[in-house]
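So the structure is just underneath, and the comments pick up after that.
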Amino acid sequence: MLQKMTLDVVRKLADDECDDASAFALKTVSFLPVEHRMHDGRSIVIRNMNPNETDLYHSLYDQGFGLDEWPTKRFFVERCLRIGHNFVVEEKTTGNRIALVNLMSSVYARSRSSQLCDIIFAIRRESTGMRYGTEFPGIFAWIAHRMGFTGVHTDCVIISPASLRVCYGNGLIATGVIPRSIYFADQGWVDTVLLYSRLDRIMKEPEVTAKI
Ligand SMILES: CC(C)(COP(=O)(O)OP(=O)(O)OC[C@H]1O[C@@H](n2cnc3c(N)ncnc32)[C@H](O)[C@@H]1OP(=O)(O)O)[C@@H](O)C(=O)NCCC(=O)NCCS
């Protein structure tokens with residue numbers, strides 16, 4: 001039988017799980033940075049995140065990126081930042097940071113050496129609605145494929161039409177539903193759809209893949 005837990009209890013359980021608070025180095029991907037011209041003509045650069053930029057995840061959105069899906073900041077740091085690869089997308093001419101991306105083994109696979117990845121996008125509020133969300137998955141699928149992943153298995157909350165359209169629009173297919181999967185401070189627990197695709201079906205190579 002499902003047990004009902006308050007958010008405070010969930011947060012405490014999550015933090016209890018995180019027993020390693022030591023400093024760590026961000027992983028880097030050797031073939032980055034790469035450059036790409038977007039549909040609107042803007043050139044973007046995708047690079048490895050610097051260690052002093054990790055707090056951007058939390059300042060990007062009012063509540064802090066990941067708070068809804070990862071119950072505490074510590075849990076997010078331990079289970080995403082430390083384990084995964086973190087990237088910054090910035091506009092080439094201005095250097096403005098458009099988005100942060102975390103790429104790691106999918107939690108829906110059964111081991112950390114899985115060939116299935118999850119790719120989490122946080123697009124700066126001012127840059128949403130400009131079709132970046134639609135274009136980024138293909139490029140990051142290419143990056144993930146080059147890193148050795150073969151597929152993406154992710155989740156998407158059913159209350160985010162933009163995220164759902166980005167996933168379905170990029171060819172991901174639904175593989176299931178998790179009821180009451182993610183907590184939103186203002187809406188409570190919401191369901192997620194699980195989505196999968198082979199990377200080679202959706203990936204798109206950036207224009208300038210030589211080191212810039
Ligand atoms: C979700 C997110 C990635 C979408 O990226 P985006 O660049 O804003 O989205 P796009 O401009 O590419 O639009 C994608 C689609 O969603 C639709 N859309 C955008 N905002 C919408 C809204 N508020 N309501 C309904 N549909 C919306 C667009 O019309 C488009 O649909 P189409 O392909 O049928 O034309 C981005 O808003 C974001 O980073 N949000 C915060 C973090 C987050 O929720 N991440 C989820 C992924 S882990």
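Miscellaneous remarks
- Within the range 125-156, the set of residues being farther than 23 Å from E207 by Cα, in contact (Cβ under 8 Å) with a residue 40 or more places away in the chain and of a type outside the set (S, T, N, Q) comprises R125, H153, D155.
- Annotation note: Cβ proximity below 7 Å between a residue of the range 75-101 that is touching a residue at least 60 places away in the same chain (Cβ under 8 Å) and crowded, with 17+ Cβ neighbours inside 10 Å and a residue that is assigned to a strand (DSSP E or B) and not aliphatic (A, V, I, L, M) (sequence gap 6+ or interchain) occurs for H85/K27; N86/N102.
- Qualifying helices (runs of 4 or more DSSP H) (wholly inside the range 128-212; at least 3 residues being within 16 Å of the ligand (Cβ to nearest atom) and either over 15 Å from the mean Cα position of the chain (by Cα) or surrounded by 14 or more Cβ atoms within 10 Å (Cβ to Cβ) (or both)): 132-146, 161-169
- Being surrounded by 16 or more Cβ atoms within 10 Å (Cβ to Cβ), modelled with pLDDT under 75 and over 18 Å from A14 (Cβ atoms) is a condition met by no residue of the range 103-121.
- Scan the range 108-127 for residues that are β-branched (V, I, T) and more than 13 Å from the ligand (Cβ to nearest atom) and the total you get is 0.
- Criterion violated by C80 - all others in (1) of a type outside the set (G, A, S); (2) part of a strand (DSSP E or B); (3) under 25 Å from S197 (Cα atoms) satisfied: (2)
The values are calculated or read from the model by the stated rules, or taken from the named source; none is laboratory data. These numbers come from a predicted model, not from an experiment. Cβ: placed from backbone, ideal geometry, glycine included. Neighbour counts: every protein chain shown.
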